[in-house]
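Novice: This is the structure I have questions about; it appears just below.
The values are calculated or read from the model by the stated rules, or taken from the named source; none is laboratory data. Remember, it's a predicted structure, so these values are computed and weren't measured experimentally. Cβ placement follows ideal geometry from the backbone for every residue including glycine, while neighbour counts extend to all protein chains displayed. Calculation scope for accessible area: heavy atoms of the full protein, side chains included, ligands and nucleic acids excluded. Shrake-Rupley method; radii C 1.70, N 1.55, O 1.52, S 1.80 Å.
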Amino acid sequence: MSTPLLRSHVGGRWYAASDDGRPVHDAVTGEQIARLSTTGLDFEAALDYGRTVGGPALRELTFHQRAALLKALGGHLREHREQLYTVSARTGATLGDSKFDVDGGIGVLLAYASKAKRELPNDTVYVDGDIEPLGKGGTFLGQHVCTPRRGVAVQVNAFNFPVWGPLEKLAPAFLAGVPTLIKPASPTAFLTATLVELIVDSGLLPDGALQFVAGSLGDAFDHLTGQDLVSFTGSASTAQTLRTHPAIVRNSVRFSAEADSLNFSALGPDATPGTAEFDLFVTGLVTEMTVKAGQKCTAIRRAFVPSQHVDAVISATSERLDTVVVGAPDAESTTMGALASLDQREEVRRSVKALRDAGRIVFGDPDTVEVTGADAQRGAFVSPLLLLGDPQRAEPHEVEAFGPVSTILPYSSTEELIDFAARGQGSLAGSIVTADTAFAREVVLGTAPFHGRLLVLNDRDAGESTGHGSPMPQLVHGGPGRAGGGEEMGGIRGVLHHMQRTAVQGDPDTIAAVTGRWVQGAERRETERHPFRLHLEELKPGDTLVAGPRTVSQQDVEHFAEFTGDTFYAHMDAEAAAANPLFGERVAHGYLIVSLAAGLFVDPDPGPVLANFGVDNLRFLTPVTFGDSLTVTLTCKQLTPRESAGYGEVRWDADVTRQDGQSVARYDVLTLVAKKDADKQD
Ligand code: NDP
């Protein structure tokens, strides 16, 4: 009987090809479970649908509205994760592996949603960096802004993370306002198909924001434009084929690749047997070999060990590997599942053969493995394999056996370790297990140019460490050279990757209009009512209050000094202050100036201003001496309504000037201001 054909989701509907397609097999039983085909699918139309339907729908939403949808999607998937775990078991994954993939992916959605609310404006344009003054008179400015690219983010994914992979790429693209098209790897496409069904059924995402292709990408690459993006995960050879596709080259399509990676973990010379760090190293190595049966792009392939501790590491690691139970994911005692496919097992065996040319196996047998609850031959099972290699040979630094395989490589000096690590020619992750901070600094700085992420692990951070192999949404994931040269996630960096950065030059009023933020030199309007009496919806960038003057007396300064205890000589000791090359006389405290300014601009009665939650960029620019009088100009700079709260953030420009017009202090005041209909919203 024929197995189901996985459907694609393009152009706002499900699509099923009419031919037989290619079979996909259960990794544990070898049984055929699905078929894949995209025959007859119109890829040009799918890309066009993303650009003309998904893109505009996303661009209508602000960053915060997109974040709210991502959060809701994360919640929806969490509710249905058991369904994903069940399907995931057929990829050979244990429950722990499935959680790593499924919960990890949901975690990325939620982390991005929360980061976006905190770090992105509730707007559709991202203002990148500060204003650049380009003329002496302040009438000509430059400002970088980022806007969503008008194309589609095409994901070409690897087989090893069928849920995390698509979600970690979707989150930043979605936040950026760019629609996504997912192409999963064939061996585990059935799990990604289940994920996409859950997403489509949720009805949470705008039409066209996410499309899915179950099978080959056909002629899709021929139709890529300069506004599209491709993020690829897989082998270095496919990366090379795709990045040199004529349409990618011709149209300068933004192409990011994450490919083969010979990640390292190094045991520090201080971490002798018996230390906490020695145990952490062995635990990390065993974890990275066995989680997802070692099919992790960040797994430790090269374990650098000081020569004198090689025997101890082999013995401690082998002892731990001996307790690993290889078997069916649903068998209770199983601690390591199967590889994703029989082809993958053959690939691992081939790679191990190459590694054996430069070393020897010290644990496991590539051809035999005891399996619990499944047929060892029909399922893609393989034993954990530990090798001892010769670090002077090329193979351990070049051959990625994408399974439960690591090679121990001895080193005899820090210099040698750094040199060996670099022979991977670019990797995703490295870890240095040491309590010696000087050694850690030397190895971090020496290996950083060749790595995307480095973990320094020791007894001090182990309790909270996320481990060697876990890419974090807040941190970049990617590496130079062999690792593909790309970068994914990295917090808001990943969002900006999907946007176009443009330098806008113009006068202050134009820059303020473009960015939606008041900038110095732009028009100010003194409001009829005090701005602290205005609700969020009534305030506009440029609304201004001018308050003062207020004279600063010697008594003010002495009162402040006694009251706060800040009797620093520049305020209190005339002789010492006179000798100070910057002042030459007693001056007022900077904090007194800020406090007096607040006294000038605050409206004391209860009203829409709920709280002052800080100041940014405070600078004291000119000294204030006794008898000087202060005026403060407070200008509404930026409004950030919070989506589901009865208030929003208001950033004010505060400029405190002296009687001669000189700015003495300048800073941003940050307040929370109620919305007019706050009562209804709360
Ligand atoms: P591939 O490079 O063969 O496949 C990766 C993705 O590219 C899959 O979705 C695949 O689709 C797709 N693809 C392949 N050829 C084309 C093409 N011509 N046009 C468009 N898409 C294409 O890698 P595998 O998944 O087979 O893994 C092979 C090896 O890659 C592993 O053994 C491992 O060494 C390495 N790898 C590295 C990873 C890393 O992040 N470092 C992750 C995963 C793998 P399809 O499956 O349908 O062919």
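Novice: Provide a single number: the residues in the stretch 351-381 that are within 30 Å of Gln392 (Cβ to Cβ) and either basic (Lys, Arg) or within 16 Å of the ligand (Cβ to nearest atom) (or both).
Specialist: Residues that pass the stated criteria total 8.
Novice: While we're here: Identify, from the list Gly74, Gly50, the residue that is open to solvent by less than 10 Å² (accessible area, probe 1.4 Å) and out of contact with any helix residue (DSSP H, G or I) (no Cβ under 8 Å at 6 or more places or on another chain).
Specialist: Working: Gly74 fails: out of contact with any helix residue (DSSP H, G or I) (no Cβ under 8 Å at 6 or more places or on another chain).
Answer to the check: Gly50.
Novice: Quick one: in the stretch 184-203, of everything that is part of a helix (DSSP H, G or I) and small (Gly, Ala, Ser), which residue is farthest from Ile106 (Cα to Cα)?
Specialist: Ser186
Novice: Could I ask something else about it? Select from the stretch 391-410 the residues that are open to solvent by 40 Å² or more (accessible area, probe 1.4 Å) and over 18 Å from Gly481 (Cα atoms) and list them in ascending order.
Specialist: Residues satisfying the conditions are Gln392, Arg393.
Novice: Going through Ala312, Ala328 one at a time, which residue ends up being hydrophobic (A, V, I, L, M, F, W, C), more than 14 Å from the ligand (Cβ to nearest atom) and under 16 Å from Pro410 (Cβ atoms)?
Specialist: Sole residue among the options that is hydrophobic (A, V, I, L, M, F, W, C), more than 14 Å from the ligand (Cβ to nearest atom) and under 16 Å from Pro410 (Cβ atoms): Ala312.
Novice: Within the set of pairs 6+ apart or on separate chains, which have a first residue in the stretch 576-587 that is aromatic (Phe, Trp, Tyr), a second that is assigned to a loop (DSSP other than H, G, I, E, B) and open to solvent by less than 70 Å² (accessible area, probe 1.4 Å), and C-beta atoms under 6 Å apart?
Specialist: Phe583/Pro623
Novice: Name the residue, out of Asp201, Asp219, Asp207, that is within 12 Å of the ligand (Cβ to nearest atom), open to solvent by 10 Å² or more (accessible area, probe 1.4 Å) and at pLDDT 95 or above.
Specialist: Values: Asp201 fails: within 12 Å of the ligand (Cβ to nearest atom); Asp207 fails: within 12 Å of the ligand (Cβ to nearest atom).
One residue alone meets the criteria, Asp219.
Novice: Okay, moving on. Let me confirm something: among Gly294, Gly364, which residue is open to solvent by 30 Å² or more (accessible area, probe 1.4 Å) and closer than 18 Å to Ser406 by Cβ?
Specialist: Gly364
Novice: Something else now. Which ones in the stretch 130-139 are loosely packed, with under 13 Cβ neighbours inside 10 Å and either out of contact with any strand residue (DSSP E or B) (no Cβ under 7 Å at 6 or more places or on another chain) or under 18 Å from Leu58 (Cα atoms) (or both)?
Specialist: Asp130, Gly135, Lys136, Gly137
Novice: Scan the stretch 653-675 and tell me whether some residue there is open to solvent by 70 Å² or more (accessible area, probe 1.4 Å), closer than 29 Å to His559 by Cα and in a strand (DSSP E or B).
Specialist: Checking the stretch 653-675: not a single residue is open to solvent by 70 Å² or more (accessible area, probe 1.4 Å), closer than 29 Å to His559 by Cα and in a strand (DSSP E or B).
Novice: Right, another one. Working only within the stretch 79-129, note down all residues that are open to solvent by 40 Å² or more (accessible area, probe 1.4 Å), over 21 Å from the mean Cα position of the chain (by Cα) and modelled with pLDDT of 95 or more.
Specialist: Once the filter is applied, which keeps residues that are open to solvent by 40 Å² or more (accessible area, probe 1.4 Å), over 21 Å from the mean Cα position of the chain (by Cα) and modelled with pLDDT of 95 or more, the stretch 79-129 yields Glu79, His80, Arg81, Glu82, Gln83, Thr86.
Novice: Mind listing just one residue for me: the one in the stretch 544-575 that is within 48 Å of the chain's Cα centre (by Cα) and among the hydroxyl-bearing types (Ser, Thr, Tyr) and, of those, nearest to Gln638 (Cα to Cα)?
Specialist: If we take residues in the stretch 544-575 being within 48 Å of the chain's Cα centre (by Cα) and among the hydroxyl-bearing types (Ser, Thr, Tyr), then Thr544 is nearest to Gln638 (Cα to Cα).
Novice: Across the stretch 331-350, what is the number of residues that are surrounded by fewer than 19 Cβ atoms within 10 Å (Cβ to Cβ) and within 16 Å of the ligand (Cβ to nearest atom)?
Specialist: Summing the residues that are surrounded by fewer than 19 Cβ atoms within 10 Å (Cβ to Cβ) and within 16 Å of the ligand (Cβ to nearest atom) in the stretch 331-350 gives 6.
Novice: Quick test for you: out of Ile408, Ile418, Ile432, pick the one residue that is more than 28 Å from Ala338 (Cβ to Cβ) and either out of contact with any helix residue (DSSP H, G or I) (no Cβ under 9 Å at 6 or more places or on another chain) or in a strand (DSSP E or B) (or both).
Specialist: Testing whether each residue is more than 28 Å from Ala338 (Cβ to Cβ) and either out of contact with any helix residue (DSSP H, G or I) (no Cβ under 9 Å at 6 or more places or on another chain) or in a strand (DSSP E or B) (or both) leaves just Ile432.
Novice: Can you find, within the stretch 13-27, the residue that is nearest to Val196 (Cα to Cα) among those that are out of contact with any helix residue (DSSP H, G or I) (no Cβ under 7 Å at 6 or more places or on another chain) and crowded, with 17+ Cβ neighbours inside 10 Å?
Specialist: Tyr15
Novice: Now for a different question. Where residues in the stretch 448-481 are in a loop (DSSP other than H, G, I, E, B) and in contact with a His (Cβ under 9 Å, 6 or more places away or on another chain), which of them is surrounded by the fewest Cβ atoms within 10 Å (Cβ to Cβ)?
Specialist: Pro480
Novice: Further question on the same structure: Filter the stretch 222-243 down to residues that are within 11 Å of the ligand (Cβ to nearest atom) and in a loop (DSSP other than H, G, I, E, B) and give me whichever is nearest to Asp48 (Cα to Cα).
Specialist: Taking the candidates together, the pick is Gly234.
Novice: Against the definition (in a helix (DSSP H, G or I), modelled with pLDDT of 95 or more and surrounded by fewer than 22 Cβ atoms within 10 Å (Cβ to Cβ)), how does Gly142 come out, yes or no?
Specialist: no
Novice: A further question follows. Go through (1) within 13 Å of the ligand (Cβ to nearest atom); (2) buried (at least 24 other Cβ atoms within 10 Å of the Cβ); (3) of a type in the set (S, T, N, Q) one by one and return the number of the condition Ser186 breaks.
Specialist: (2)
Novice: Still on this structure, I have one more. Counting only residues that are of a type in the set (A, V, I, L, M, F, W, C) and assigned to a loop (DSSP other than H, G, I, E, B), how many does the stretch 204-220 have?
Specialist: Qualifying residue count, the stretch 204-220: 6.
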